[in-house]
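The values are calculated or read from the model by the stated rules, or taken from the named source; none is laboratory data. Predicted, not measured: the structure shown is a model, and the values here were computed from it. Cβ placement follows ideal geometry from the backbone for every residue including glycine, while neighbour counts extend to all protein chains displayed. For the accessible areas, the whole protein counts, side chains as well, though only heavy atoms, and no ligand, DNA or RNA atoms are used. Shrake-Rupley method; radii C 1.70, N 1.55, O 1.52, S 1.80 Å.
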Amino acid sequence: MKRIMVLVCFVCIGFFVKAQTKGGNSIMGTVVSTVAKAPLEYGTITIFIKGEKKPLTGTTSDKTGSFTLTDIPAGTYTIVFENLGYDTHTMNDVVLNKKDAIIDLKTILLTPKKTTLEGVTVKAKLIDNKIDKLVFNAEKDLSSQGGVATDMLKKIPQVSVDADGNVQLSGSSGIKFLINGKPSTAFGSNIADVLQSIPASQIKSIEVITNPGAKYDAQGLGGIINIILKTNNAKGYNGNISLTAGTRQENASLNFNARKNNFGVNAFISGNKRLRSKTTNDTYRVTTDSNIISTLHQQSNSRFERQGLQTGAGFDWTIKKFNNISGNISFNYFGVNGNGSTNQALQPDKNGGLPEILTLTNSNNRFNIHTTDISLTYKRTFAKEDQELEVAFNTSAEKTKGHANSEQLWLPQDSLYYGTKAYNPAKTRETEFTIDYAQPLAEDINLGFGAKAGFNNIASSSEVNSYQQTSKSYQPNNFLTNNLNYKQKVYAGYAEISFPVAKLFDTKIGGRYERTEINSYYSNAQTQVKVPGYNTFVPSVFLSKKINENTTIKLSYSKRINRPDYEELNPFVNTTDPKNLSAGNTNLKPEIGHRFEMGYSRNLGKTGSLMFNLFYRINDHDIQPFIVYYSSYKVGDSVYQNVAVSTRENIGKENNVGLNLFGDFHITPKLNIRGNVFAFHRHTINAIDKGYNSNSMNYRMNINASYQFTNSLLTEFFANFNGARHEVQGTYPSFASYTFAIRKQFWQKKGSIALTANNFFSEYLTQRTALKGPNFTTNTERRTAFRSIGINFAWKFGKLEFKKDKEENDSNLNGPAQ
């Protein structure tokens, strides 16, 4: 690792030395409105070398409308003047042919846009359809602002979120989550808890890539979801505050940005609290063993709460135009606390007249995560457009602590006969080194290649004490106590090229090679299984045809991989509920996916837009949750009777074919309606239990309507429905939700108050699960508190500059422009 760091330093220093030196010319002037000839503050002035699309430099006008551009080398330029609500003014063929020349452009007049309607706010699109990804502009969404990340995710086409915050992309839960384009160990733990602990007010946008190209990691069958947090590239200083109070959750966030010339800093702090709520479960299981039918009825009540806190800071520094260094550090905390009780009635032989056995289980658990994420990136651009080099270092460290206590009592005597007290601390560190280079070969022909090394180290231990009836005390249980060390290394290299094929279509093809090596040790495994290293080649192909200015057709293919994580591999057996055990599986193989996709998009102009996607995905060695029933099951020196064991298995092969339709319609200048329908057919071939194959239709749909009453008063309604999720052993619950929100802006739109109500007609959400396998059927009804009402206050302060974000010339996940 030290050698790599030294090499990176030498590369950076080499490019600093070679950085080009600018000349000493200057351009000045004053930006003025044609209305009353008033000066325009915060006007954006951008200068381009003639014929190029990338800006050379830029600045903003001050309170008097004045601006100055310095250190401009000799040449011919195009200068663009912009201001919110005004038509863009372009000045061509501005010539600088002397050294230390000063050009005064005098007064530049900007005309107010004629298309701006009085009382109506001109809004950016909520969802942008890029060449290989969808971008959800979270800042433009109203009803989610008082919520959390999952509230925003369920509004994105092809993304579905259930009542517990579990996320699927195109019907797959194998998603690679990123923060500002970087991995975080927080997502290696309970992803649902992490996503529900990030306030929506902290998120700028969310990028979704269903078919990633060769430049991206192969991990994640469903694709990539990149959450971009708020930053700002404005000069001066600015920030925003958001506070939300509610009946089910509360959150707050503060963002601050400052910039002087080519150096900028940003900092943030945010927190979220999911208030304690009640959930009930009613489970009925029927099992058959040698013609003996037994039943198990469990009724449980539980309460839990969730909290999260994030803070961090970052900087970016542009040195002599072509060199940029940026870095970020963040600290995160997520925690869950819960307790509950379960009344259990076991009928050992339904037809044999045996007495019913009644028991009571009391349990409580605590789980928390502390993570530290650090990133440092050096980016070198060149005078040649689209040529660039990027070297990055990212590291993420995580500490987790879990406590789980459980006790079982005979009824009606209330006598304790079984109990466990478990403590599970763990440490995780994930480190990556990447280098990427892009080189234009000719007009519209671009080559990109790079390499990456990733290291993931996990050390975890479980200390378990079991109740001993003889001594009436808890004693260490050597069979359940364990520790593990898990080390994964992934080395990757890729190359991709984009080019037009005559005038027929644009093409981007690439290939990625990954070498994975795993070294793991599980202390309580009967035998240590050496996981052999394996190679993965991941090809990708993208074809794009622009029919006209408003219509585009895209075809794509990519191969993906889903490597089992250490929690799925860990053989530790959780015996908190002695009738429902869970364990990892050391024999899991990586899941391989092939995805084909066709996309059609049409811009309807002022009317709106349409997107249509058709996909076909094949999963080999498909990993799914799997339950096996045992009449007796031995763990160490304990034998459990009439027990279901849950684990993860490579169940066989899965084929999915589906479509997604998204429409955005501007009914009137004030009324906007968006809708999304996603449906797919799933065929699962069960290689474990022959004859238990599965065929099912799965579907999701939502609708979002917003109405602008006045320039400062906006209302929105959102409704979402997820059909029942079908897996190899049965169906998981459907889910419906709806939200109403209204926002009033004041203080010249720097402040706002919003009222949000979710599922306000019913306090509880009822969900049903039906699973079956050889010798068992299980039906569960779950009721969880879901109704909530909240109020949000937001305030923007400082010198805000409304400036268009610069688009990256490729589809990197580098986060927002700095």
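State the extension gain, in nm to one decimal, for the chain segment bounded by Arg366 and Thr607, taking 0.36 nm per residue of separation less the distance between their alpha-carbons.
Here the segment from Arg366 to Thr607 would lengthen by 81.6 nm.
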Cα convex hull volume per residue for the chain (Å³): 165 Å³
Of all accessible heavy-atom area on the chain, the percent that carbon and sulfur account for (1.4 Å): 57 percent
Whole-angstrom Cα spans of segment 646-791 along principal axes, big to small: 66, 32, 23
Scaled radius of gyration (Cα, divided by 2.2 N^0.38 Å) that segment 535-670 gives: 1.63
Of Lys545/Lys606; Lys487/Lys579; Lys182/Lys273; Lys176/Lys653; Lys133/Lys427, pairs whose Cα-Cα distance is over 27 Å: Lys487/Lys579; Lys133/Lys427
All-pairs alpha carbon distance profile, segment 700-780, 5 Å steps from 0, percent: 3, 12, 16, 14, 13, 10, 9, 7, 5, 4, 3, 2, 1, 0
Segment 402-554 - Rg (one decimal) and Dmax (whole number), Cα, Å: 27.4, 84
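Compute the relative contact order of the chain as a whole-number percentage, counting only Cα pairs closer than 8 Å that sit 6 or more residues apart in sequence.
Contact order relative to length: 10 percent.
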Cut-off 19 Å (backbone N to label point 7 Å along Cα→Cβ of Phe793), residues of segment 244-277: 244-256, 269-273
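Count charges around Thr428 for me, please; just the other residues with Cβ under 9 Å from its Cβ, Lys/Arg as +1, Asp/Glu as -1.
+1
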Relative packing of peptides 211-224, 344-357, 399-412, 672-685 - highest average C-beta neighbours within 10 Å first: 211-224, 672-685, 399-412, 344-357
Packing-based order for 704-713, 722-731, 579-588, using average beta carbon neighbours within 10 Å, highest first: 722-731, 579-588, 704-713
Calculated FRET efficiency for the pair His89/Thr551, C-beta based, R₀ 35 Å, to 0.05: 0.70
Rotationally averaged projected area of segment 588-664 (alpha carbon convex hull; nm²): 8.2 nm²
J(HN,Hα) series, segment 602-608, from Karplus relation 6.51 cos²θ - 1.76 cosθ + 1.60, nearest Hz, glycine and proline x: 9, 8, 8, x, 5, 6, x
Ellipticity estimate at 222 nm from DSSP helix runs (n ≥ 4, -39,500 (n - 2.57)) divided over the chain, nearest 500: -1000 deg cm²/dmol
Protection-proxy order for peptides 763-772, 241-250, each taking the mean of Cβ atoms within 10 Å per residue, highest first: 241-250, 763-772
Solvent-accessible heavy-atom area per residue, rounded to whole Å², over the chain at 1.4 Å: 46 Å²
Distant-in-sequence amide H partners of Val531 (H built 1.01 Å from N, under 5 Å): Ser520
Volume in Å³ per residue [convex hull over Cα atoms, computed for segment 153-303]: 167 Å³
Tilt relative to the chain, helix 2-18 - C-alpha long axis, 0 to 90 degrees, to 10: 10 degrees
